[in-house]
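Working notes, structure below.
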Amino acid sequence: MLKGKTVLLGVSGSIAAYKIASLASALKKLDADVHVLMTQNATNFINPITFETLTGNKCLVDTFDRNFQYSVEHVSLAKKADVVMLAPASANVIGKIAGGIADDMLTTTVMACRCRKIIAPAMNTNMFENPIVQDNLKKLEYYGYEVISPAVGYLACGDTGAGKMPEPELLLEYILKEVAREKDMRGLKVLVTAGPTQEAVDPVRYITNHSTGRMGYAIARVCMQRGAEVTLVTGPSALKKPEFVKVVPVTTAKEMFDEVTGRAAEQDIIIKAAAVADYRPKYISDEKVKKKGDNLSLELERTDDILAYLGMHKKEEQFLCGFSMETEHMLENSRGKLQKKNLDMIVANSLKVEGAGFGGDTNIVTIITKDRDEQLGKMSKEDTAAEILDRILSFREGQEKNDISD
């Protein structure tokens, strides 16, 4: 995912410095070229050899180190860097950079970088809340730095409050947001639906399906990484909510209908990946339905058809993509759905194909438009999401060219 990308990690003197080893390792596994720069104080918390072992690159501390491949290291690294993250960032380093002071390898390199710079403050609560530190952070934000809000909790010093460095998993998400994908969806508003819905029978039981939300969550995450403003309307799911996405949780088909249709008019692209119940119990018992005899009959009624409503009210230039999960006649049924519901695209897959369907990490889909069918091979759901979005952008670009020529 990060092949060809150079990530600089700046580590300053904080007890949280040891956590950056996990971040460096995660970046390396994603094929990034990772370089770590440390302040002298940071070496008291973690040995530079740790980072050198994890990244395969020399860990830089001394500005005047003569045993390195570049003649002017801070300038050379700064030119290579695609993103810089300072984590943990101490009050001292924050103050230096805000004041334009460059007196070690870390600060001189940061000053020479033109790429995106992200800062994760980590310090005692009283230090973090000090007006001087807050002014320095505001100054850095003014100059284009992205400041990550510290976590709140029990600190190493024994105090409780703001000042904890976020976990490496969250820091990684900030880096991926910046450099994982080309920002070819910047300026677009995208609404994605995901997961199942649950239709109550009584206070204990409900009707649902096997959807986990993985495909929809992957689409939302990839849209975000490509620069879109993303809203994810999701049914109940055990998945971790994607970062930097507006998440709207719902339970029933009616709730999903209301949330989606209420937001639809302002969206450029709507991707309906949720597995919405087609029917719900007509009557919901206020009390648990007791076991009586050998059989139980439930009277069901149709739920509102979200895709049909969106297709009927689709704005000019708005792109509408649906999903179709079939067990038979996949292409025929999906093409019928595309036409009947006025969709621009439908993504179809079959539960009977190994590697596709609910719950797994992979999918095998066929992308269907009015003009063509295209089957994609077996791939991860994130890669599938990226391919689907490529086709959507290509379709929109073709529409724009046709509008201009007309």
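Spot the failing condition for Lys272; the list is (1) touching a residue at least 60 places away in the same chain (Cβ under 8 Å); (2) surrounded by fewer than 17 Cβ atoms within 10 Å (Cβ to Cβ), and only one is missed.
Only one criterion in (1) touching a residue at least 60 places away in the same chain (Cβ under 8 Å); (2) surrounded by fewer than 17 Cβ atoms within 10 Å (Cβ to Cβ) is unmet by Lys272, namely (2).
Within the stretch 2-35, can you find the residues that are under 15 Å from Asn57 (Cα atoms), in contact with a helix residue (DSSP H, G or I) (Cβ under 9 Å, 6 or more places away or on another chain) and basic (Lys, Arg)?
Across the stretch 2-35, the qualifying residues are Lys5, Lys28.
Surrounded by fewer than 17 Cβ atoms within 10 Å (Cβ to Cβ), out of contact with any helix residue (DSSP H, G or I) (no Cβ under 6 Å at 6 or more places or on another chain), of a type in the set (S, T, N, Q) and closer than 25 Å to Met185 by Cα: is that true of Thr362 in this structure?
Working: surrounded by fewer than 17 Cβ atoms within 10 Å (Cβ to Cβ): yes; out of contact with any helix residue (DSSP H, G or I) (no Cβ under 6 Å at 6 or more places or on another chain): yes; of a type in the set (S, T, N, Q): yes; closer than 25 Å to Met185 by Cα: yes.
Here the answer is yes, as Thr362 does meet what is asked.
State whether one or more residues within the stretch 40-60 are out of contact with any helix residue (DSSP H, G or I) (no Cβ under 8 Å at 6 or more places or on another chain), of a type in the set (Asp, Glu) and modelled with pLDDT of 90 or more.
So far as the stretch 40-60 goes, yes, one or more of its residues are out of contact with any helix residue (DSSP H, G or I) (no Cβ under 8 Å at 6 or more places or on another chain), of a type in the set (Asp, Glu) and modelled with pLDDT of 90 or more.
State all residues of the stretch 94-124 that are over 29 Å from the mean Cα position of the chain (by Cα), surrounded by fewer than 22 Cβ atoms within 10 Å (Cβ to Cβ) and β-branched (Val, Ile, Thr); if no residue qualifies, say none.
Of everything in the stretch 94-124, those that are over 29 Å from the mean Cα position of the chain (by Cα), surrounded by fewer than 22 Cβ atoms within 10 Å (Cβ to Cβ) and β-branched (Val, Ile, Thr) turn out to be Ile101, Thr108.
What tally of residues in the stretch 189-216 results from selecting those that are of a type in the set (D, E, K, R) and within 15 Å of Pro249 (Cβ to Cβ)?
Kept after step one, since they are of a type in the set (D, E, K, R), are these residues of the stretch 189-216: 189, 199, 202, 205, 214.
When the remaining residues are screened for being within 15 Å of Pro249 (Cβ to Cβ), the result is none.
Looking only at that region, the number is 0.
Kindly evaluate Ile392 against the criterion of being crowded, with 16+ Cβ neighbours inside 10 Å, of a type outside the set (Ser, Thr, Tyr), touching a Gly at 6+ places or on another chain (Cβ under 7 Å) and not in a loop (DSSP other than H, G, I, E, B). It would help to see each step written out before you state the result.
Working: crowded, with 16+ Cβ neighbours inside 10 Å: yes; of a type outside the set (Ser, Thr, Tyr): yes; touching a Gly at 6+ places or on another chain (Cβ under 7 Å): no; not in a loop (DSSP other than H, G, I, E, B): yes.
Against the criterion (crowded, with 16+ Cβ neighbours inside 10 Å, of a type outside the set (Ser, Thr, Tyr), touching a Gly at 6+ places or on another chain (Cβ under 7 Å) and not in a loop (DSSP other than H, G, I, E, B)), Ile392 does not qualify.
Are any residues in the stretch 199-217 closer than 17 Å to Arg280 by Cα, assigned to a loop (DSSP other than H, G, I, E, B), touching a strand residue (DSSP E or B) at 6+ places or on another chain (Cβ under 9 Å) and of a type outside the set (Gly, Ala, Ser), and if so, which ones? Please lay out each step first, then the result.
Going through the stretch 199-217, the residues closer than 17 Å to Arg280 by Cα turn out to be 199-211.
With assigned to a loop (DSSP other than H, G, I, E, B) added as a condition, the list becomes 201-205, 208-211.
Okay, now just the ones that are also touching a strand residue (DSSP E or B) at 6+ places or on another chain (Cβ under 9 Å), so 201-202, 208-211.
Listed by number, the residues that qualify are Val201, Asp202, Thr208, Asn209, His210.
Give me a count of the residues in the stretch 1-53 that are β-branched (Val, Ile, Thr), under 17 Å from Lys117 (Cβ atoms) and assigned to a helix (DSSP H, G or I).
Looking only at that region, the number is 1.
Does the stretch 7-33 hold any residues that are in contact with a Cys (Cβ under 9 Å, 6 or more places away or on another chain) and closer than 25 Å to Arg226 by Cα, and which are they?
Leu8
Kindly check whether there is at least one residue in the stretch 131-143 that is part of a loop (DSSP other than H, G, I, E, B) and modelled with pLDDT under 95.
no
Just checking, which of Phe45, Phe51 is among the aromatic types (Phe, Trp, Tyr), buried (at least 16 other Cβ atoms within 10 Å of the Cβ) and in contact with a strand residue (DSSP E or B) (Cβ under 7 Å, 6 or more places away or on another chain)? Full working, then the answer.
Details: Phe45 fails: in contact with a strand residue (DSSP E or B) (Cβ under 7 Å, 6 or more places away or on another chain).
After applying the criteria, what remains is Phe51.
Tell me the residue from Lys282, Lys254 that is more than 19 Å from the chain's Cα centre (by Cα), basic (Lys, Arg) and surrounded by fewer than 14 Cβ atoms within 10 Å (Cβ to Cβ), please. Steps first, answer last, please.
Details: Lys254 fails: surrounded by fewer than 14 Cβ atoms within 10 Å (Cβ to Cβ).
Criteria check complete, one pass: Lys282.
Only one of these is crowded, with 18+ Cβ neighbours inside 10 Å and either closer than 20 Å to Glu387 by Cβ or under 17 Å from the mean Cα position of the chain (by Cα) (or both): Glu182, Glu178. Name it. Break it down into steps so the answer makes sense when it comes.
Working: Glu182 fails: crowded, with 18+ Cβ neighbours inside 10 Å.
None of the others qualify; the one that does is Glu178.
In a helix (DSSP H, G or I), surrounded by 16 or more Cβ atoms within 10 Å (Cβ to Cβ) and of a type in the set (Gly, Ala, Ser): does that describe Ala220? Even if it seems obvious, please write down each step before you answer.
On the way: in a helix (DSSP H, G or I): yes; surrounded by 16 or more Cβ atoms within 10 Å (Cβ to Cβ): yes; of a type in the set (Gly, Ala, Ser): yes.
Taking the combined requirement at face value, the residue satisfies it.
Out of all the residues in the stretch 223-251, which are touching a residue at least 60 places away in the same chain (Cβ under 8 Å) and buried (at least 18 other Cβ atoms within 10 Å of the Cβ)?
Initially, the stretch 223-251 is screened for residues touching a residue at least 60 places away in the same chain (Cβ under 8 Å), giving 223, 226, 243-244.
Matches in the stretch 223-251: Cys223, Arg226.
Among the residues of the stretch 239-257, which ones are outside any strand (DSSP E or B), out of contact with any Cys (no Cβ under 9 Å at 6 or more places or on another chain) and farther than 23 Å from Asp202 by Cβ? It would help to see each step written out before you state the result.
Our first condition is that a residue be outside any strand (DSSP E or B); within the stretch 239-257, this holds for 239-245, 250-257.
Pick out the ones that are also out of contact with any Cys (no Cβ under 9 Å at 6 or more places or on another chain) and you get 239-244, 250-257.
Result: Leu239, Lys240, Lys241, Pro242, Glu243, Phe244.
Can you tell me which of (1) under 30 Å from Gly216 (Cα atoms); (2) touching a strand residue (DSSP E or B) at 6+ places or on another chain (Cβ under 9 Å); (3) surrounded by fewer than 21 Cβ atoms within 10 Å (Cβ to Cβ) is the one Pro150 doesn't meet?
Here Pro150 clears every test but (3).
If you check Gly195, Gly161, which single one turns out to be in contact with a helix residue (DSSP H, G or I) (Cβ under 7 Å, 6 or more places away or on another chain), at positive phi, of a type in the set (Gly, Ala, Ser) and modelled with pLDDT under 95? Step through it out loud before you land on a result.
On the way: Gly195 fails: modelled with pLDDT under 95.
None of the others qualify; the one that does is Gly161.
The values are calculated or read from the model by the stated rules, or taken from the named source; none is laboratory data. On a predicted model such as this, the values are computed, not experimentally measured, just so you know. Heads up, the Cβs are rebuilt from the backbone with ideal geometry, glycines too, and the neighbour counts pull from every protein chain shown.
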